[in-house]
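See below for the structure under consideration.
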Amino acid sequence: EAFSLCDPKVLEVRYSFLELKKFIDNVPILQIDMVWCYFLLRDISWLSVAGIRLEKAREGLERCHGKDFSRVRLLQAGCQPELALHMRLELLEGVVAYHNGQLDKSKKALTSAQAKFSQLQVPDEALSHVMSMGFKERDARRALRMNNQDIGRAVDFLFEEKAKRKQKREDDIRHKTEIMELKQYGVTPLKKAVNVEKLKELVAIGFEKKLAAEALRRNENDFQKALDDLTNPETNSAIQLDIESRKRKREQRAVNARIEELVSMGFDRSRVVAVVQAGETMEQTMSRLLPEVDPLPAFDANSSGNPASEASNLNPDSVEGPSTADEERDVEMEDELARDIGKADALSDYDIEVTKEGEAIQEYLALLASTDSKEALSSC
């Protein structure tokens, strides 16, 4: 139902990859997945819809992968990650054709699916050989399937995947560090983050990082204008004063937050203010104040009963640089989605356990053989 609401123009969006124009294959895969669900439910009432979905899926995959997988072979350097997907497509085409009475078409599709199914069967000897090199069974089986049972290529594939995962982890860490740093600088008047590359250029010239970042922020990441401000003594001085002013405000907010947290625990406000303003650590502050705490501190009846959690809402670490809050954004949900996407395996959509497909192929080939026998008997 949700899929039917999607704008067709969105579903057919193009993008460039290795200088080749191609369509994304998420949509064809989704079409196949839905028909596979119809099949598992054994619901023949969806037969007409299934046929339409499979036609669209084949058209989409041919745009993505090319005729006879020519494009995907080029992009994947001979690897066959999509073989199981195409086998499932042909199986479903054969099932739909069978129930529509198109027996020749069904047999052709099922025979082709059976050939692909055979290609996907991993010999025990090859599997054991790859596993002996320290790889898990699931990973070894997948690598062999995607590389036409070639042990050497499968091993290379596994090492390449391992290297890619390592590189991705390093890139993610670096990216998160950059994001945390950029949050300190705030956003431009048009709500854009400070441009990292331009910031690096200004730092390379010799300007202090926070100063350069503020110049870019003020000037909507216009490198030349930021450079003009940094090289002008008056504007440079004004930027520095502004940075120092915001720093003092952040420090004061931190002090106020600590004071409110300690007062909510039952300590005397005047004593708390005196101790906190001495600039001691939280541990030192607590050791000074603990002897005078009331046994049963009273809390506001309207509070949650957890003063520490309420005080955490005043955490000054969440306020860095100019105000950057965008109240309409669900940052928590965005982060959750980003984590899910980051964990995704690029080949997971093609990594299909084909046991049920193999059983279905045999079932429908048997039905076709039975039909042929009946027709032969009736003709006699």
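The values are calculated or read from the model by the stated rules, or taken from the named source; none is laboratory data. Quick caveat, the model's predicted, so the values are computed rather than measured. FYI the Cβ positions are ideal-geometry reconstructions off the backbone, even for glycines, and counts take in every protein chain you see. The area values use the complete protein model at the heavy-atom level, side chains included, leaving out ligands, DNA and RNA. Shrake-Rupley method; radii C 1.70, N 1.55, O 1.52, S 1.80 Å.
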Write down the accessible area per residue of the range 232-288 in Å², having rolled a 1.4 Å probe over the full set of protein chains.
62
Among all the lysines, which ones have a C-alpha under 28 Å from Lys107's C-alpha, if same-chain residues fewer than 8 places away are not counted?
Lys56, Lys67, Lys116, Lys356, Lys374
Taking 7 Å along the Cα-to-C-beta vector as the label spot, tell me the Val273-Ser237 distance in nanometres, rounded to one decimal.
3.5
Check the straight Cα-Cα distances from Lys136 and name the lysines below 16 Å, setting aside those fewer than 8 residues away within the same chain.
Lys162
Mind ranking 85-95, 265-275, 160-170, 48-58 by how tightly packed they are, going by the mean number of other C-beta atoms within 10 angstrom, highest first?
85-95, 48-58, 265-275, 160-170
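Please compare each pair in Lys191/Lys249; Lys192/Lys225; Lys183/Lys225; Lys164/Lys200 to a cut-off of 20 Å on the Cα-Cα distance and tell me which ones are over it.
Pairs exceeding 20 Å: Lys191/Lys249; Lys183/Lys225; Lys164/Lys200.
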FRET efficiency for Arg42 and Gln362, Cβ-Cβ distance as r, R0 = 25 Å, nearest 0.05?
0.95
So, R0 is 30 Å and r is the distance between the beta-carbons of Asp156 and Cys6; what FRET efficiency does that work out to, to 0.05?
0.20
